[in-house]
Amino acid sequence: MLATTIIYGFAGICLFVLGLRGVLLHTTALARILALNVCGAGVFLLFVVLAYRGAGMTPDPVPHALVLTGIVVAVSATALALALARRLREIDHD
């Protein structure tokens, strides 16, 4: 199962790097917000990988609790960022 853990860990790192690339290279607010969400998904996946202890063993509950809390915070922050981006766009077009 070590190979599976490495694959998931590598996938989490790749998601984070792709999101970071999007945040740095895109100019529109919506693209940056979505890229930031991709970064967060990569971090969440890494936390889940770190919580894994091995086959037949109970995973560490603290990283799982952090991921669940992080998902709630990420959804709230995304909603706020989208509302602010929409408001800024309306101000610019007036």
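Put +1 on the Cβ of each Lys and Arg and -1 on the Cβ of each Asp and Glu in segment 2-93; which of L20, P63, H93 then has its Cα farthest toward the positive end of the dipole?
H93
I need the semi-axes of the equivalent ellipsoid of the chain: take the C-alpha gyration tensor, multiply each eigenvalue by 5, square-root it, list largest first in whole angstrom.
Working through the eigenvalues yields semi-axes of 33, 16, 5 Å.
Can you give the calculated 222 nm mean residue ellipticity of the chain, where each DSSP H run of n ≥ 4 adds -39,500 (n - 2.57) and the sum is split over every residue, rounded to the nearest 500 deg cm²/dmol?
Working: 3 runs with 80 residues, N = 94.
Rounded to the nearest 500, the figure is -30500 deg cm²/dmol.
What is the chain's relative contact order, in percent, from Cα pairs under 8 angstrom and six or more apart in sequence?
Numbers: 85 pairs, mean separation 24.4, N = 94.
Reported relative contact order: 26 percent.
Quote to one decimal, in nm, the extra length available between S76 and T58 on full extension: 0.36 nm per residue of separation minus the C-alpha distance between them. List each step's numbers first, then the result.
Details: separation 18, 0.36 × 18 = 6.48 nm, distance 3.02 nm.
So the chain would gain 3.5 nm between S76 and T58.
Where the centre of each part is set by its Cα atoms, how far does segment 45-71 sit from segment 13-44, in angstrom?
22 Å
Each reported figure results from applying straightforward, stated rules to the coordinates on display, with no laboratory input. Remember, it's a predicted structure, so these values are computed and weren't measured experimentally. All Cβ positions, glycine included, derive from the backbone under ideal geometry; neighbour counts span all protein chains shown.
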